[in-house]
Amino acid sequence: MTGPELLSSLGRLLGPKLLEKTEFRGETTFTISPDDLREIARFCRDDLSFDYLIDITSIDNADREPRFEVVYELYSMTLIVHLRLKLRVAEDVDLATVSDIWPTANWHEREIYDMMGIKFKGHPDLRRILMWDGYPFFPLRKEFPLEGLPSEMPDVAFSEAAPMEGGPFVTQPSTATTKDREPRARRPDL
């Protein structure tokens, strides 16, 4: 069976567990329920040869319910085909981890927890991966201001909002190569 044949028959294989199917520019996206995630993920890996989890991303739709979307990008190396699984998740719902199905999910889930606050049940080490322990905010949520928030920990983070313009590094337009145009410190002592 070829990759496109597999994707076209996948809707019949999973039946009512698929809430929505979207085809756009040769990419297939299936929207599924968070309750069916582990079953469908295991089925995709074991029976359909989606042996590679490329990425997991999250989207904050602050003005809609459910608020979040979590998107799993799968790839089959044997069939050379991509599949996207999308889940709509309410703010108070914990998703099941898939880190035991695809080990690469471990860090992706930690990043989503750290940046969006979405928790994953059964994760072996769900702690912050980019921000420090005890950081009270989730920086990729829509309510987080672009200029950042003041911190009481000046030795760990900025105590004032970082400027959006005129940062310490600048590039100059020129005909030089990319290597020669890399950002340089505005002041030589930086």
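Read-outs: derived from the displayed coordinates by stated rules, not from any lab. Owing to the predicted nature of the structure, the values given are computational and were not obtained by experimental measurement. Every residue, glycine among them, receives a Cβ derived from its backbone with ideal geometry; neighbour counts consider all protein chains shown.
Summary of computed values
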item	result
At R0 = 30 Å, FRET efficiency that the Cβ-Cβ distance of Arg141 and Phe43 yields, to 0.05	0.40
Net charge of Cβ neighbours under 12 Å - reference Leu7; Lys, Arg +1; Asp, Glu -1	0
Net lengthening on full extension, Trp132/Asp35 (0.36 nm per residue, minus Cα-Cα)	31.8 nm
GluC sites (Glu not before Pro) lying in DSSP loop within region 34-86, provided at most 15 other Cβ fall within 10 Å	none
FRET E, pair Ala90, Thr175, Förster distance 41 Å, beta-carbon r, rounded to 0.05	0.20
